[in-house]
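The structure appears right after this line, and notes come after that.
The values are calculated or read from the model by the stated rules, or taken from the named source; none is laboratory data. Just so it is clear, the model here is predicted, and its values are computed rather than measured. Because the Cβ atoms are built from the backbone with ideal geometry, glycine has one as well, and the counts that use them run over all protein chains shown. Areas reflect the complete protein model, heavy atoms only, side chains present, ligands, DNA and RNA absent. Shrake-Rupley method; radii C 1.70, N 1.55, O 1.52, S 1.80 Å.
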Amino acid sequence: MENVKLNVKGMSCAHCVNAVEGSVGKLPGVEQVHVHLKEGTVEVKYDANKVGLDKIKDTIDDQGYDVA
Ligand SMILES: [Cu+2]
């Protein structure tokens, strides 16, 4: 399992948390996803054999947020 903390801009409320956690959490291979709203970060635990970091970043981007 890989553990990564991404800096994500634009998340401001519970809706954003749900959008990010919901979409990333649905990806096959993602074990756990947690948004830290005040920090502006997203922590993801994932199986690198099943899902790539690029895919995770793209998914957050698709929800309308900027991944650093
Ligand atoms: Cu929001």
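Observations on the structure shown:
- Count of region 11-47 residues, restricted to those that are open to solvent by 60 Å² or more (accessible area, probe 1.4 Å) and of a type outside the set (Lys, Arg), is 11.
- Residue in region 23-32 that is within 16 Å of the ligand (Cβ to nearest atom), under 12 Å from the mean Cα position of the chain (by Cα) and either at negative phi or not hydrophobic (A, V, I, L, M, F, W, C) (or both) present: yes
- Of all the listed residues (LYS57, LYS50), the sole one being closer than 16 Å to GLU2 by Cβ, surrounded by 13 or more Cβ atoms within 10 Å (Cβ to Cβ) and of a type in the set (Lys, Arg) is LYS57.
- Of all residues in region 49-56, none satisfies being touching a helix residue (DSSP H, G or I) at 6+ places or on another chain (Cβ under 8 Å) and of a type in the set (Asp, Glu).
- Which listed residue is out of contact with any Phe, Trp or Tyr (no Cβ under 8 Å at 6 or more places or on another chain) and among the hydrophobic types (A, V, I, L, M, F, W, C), from VAL30, VAL8, VAL67, VAL4: VAL67
- Any chance VAL8 is in contact with a strand residue (DSSP E or B) (Cβ under 9 Å, 6 or more places away or on another chain) and within 15 Å of the ligand (Cβ to nearest atom): yes
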